[in-house]
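Notes follow once the structure below has been shown.
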Amino acid sequence: MKILQLRYFIPSLLVAIVVAQAYMLSNHQDFNQTFLKVTLNSENGGVAQVFMDHGNGFSEDNSSRVSLNGGSNETIYLSLTEQYPSQIRFDPINASGSVEIHQIALAAGNGHEYQTILPAQIVANANFQQFETSDDGRISAIVTPASDDPQMIIQSLDWQAFGPKFGKYLDSAIRIGLLTLIITYALLWVYASFLESTFSRIFGNQFYLINEKSAA
């Protein structure tokens, strides 16, 4: 039996197209939205907020926020606008107390990190009594007492690391589709081979005579 047969290829191709299309639809929003991904531990609960500067300074209109539970490590995702900002202001908490930041990264909605923000890219802007960085990239900070507006500036962002986002998730969809095509085709071929072998053992030469008559 020939390995390459159209009767196996067509259904395999249809299955691959459906799987790839489902992947694109389910991940479209994630791949087309950028987040500031932060893993931190704040002494107190509150709200973390990110501001984006597109050339006109920071404003509430170009910001997003997320709630913090406080008291333990947590990873948060702060949505960034589709237009890439020249710099970002990150306010880790709107309360006093200590804050330890384990990692800051630019990421897609599916969690894939495109760029890790290094401590050298982060500047304490306002309302920190203490702001220290360690060799492993962590930031230990203490908010100025009686202040609820600590601010840090993230600079030197490499947006080219993101590339064309549509192309990235389309490329992933193509890879998944091709893999699905190969697996589905192989399964169909093995299944058909198993059936043919089974029929030949049961019916012997009658199986081949029936095939020859059908072909004629």
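The values are calculated or read from the model by the stated rules, or taken from the named source; none is laboratory data. This is a predicted model, so every value here is computed, not measured. Methodologically, a virtual Cβ is constructed for each residue, glycine included, from the backbone with ideal geometry; neighbour enumeration extends over all protein chains shown.
Inclusion of residue 50 among residues that are under 30 Å from residue 189 (Cβ atoms), modelled with pLDDT of 70 or more and under 20 Å from the mean Cα position of the chain (by Cα) is not warranted.
Across the range 50-100, the qualifying residues are those that are acidic (Asp, Glu) and under 13 Å from residue 154 (Cβ atoms), and the one among them that is surrounded by the most Cβ atoms within 10 Å (Cβ to Cβ) is 91. Residue pairs whose Cβ atoms lie under 7 Å apart, separated by 6 or more positions or on different chains, with the first residue in the range 132-154 and on the phi > 0 side of the Ramachandran plot and the second at pLDDT 95 or above and assigned to a strand (DSSP E or B), do not occur.
The set of residues in the range 67-119 being touching a residue at least 40 places away in the same chain (Cβ under 8 Å), in a strand (DSSP E or B) and of a type in the set (D, E, K, R) consists of 89, 91, 100, 113. Scanning the range 134-150 for residues that are β-branched (Val, Ile, Thr) and within 27 Å of the chain's Cα centre (by Cα) returns a single hit, 139. Against the condition buried (at least 16 other Cβ atoms within 10 Å of the Cβ), more than 22 Å from residue 115 (Cβ to Cβ) and touching a residue at least 40 places away in the same chain (Cβ under 8 Å), how does residue 42 come out, does it pass? Here the answer is yes, as residue 42 does meet what is asked.
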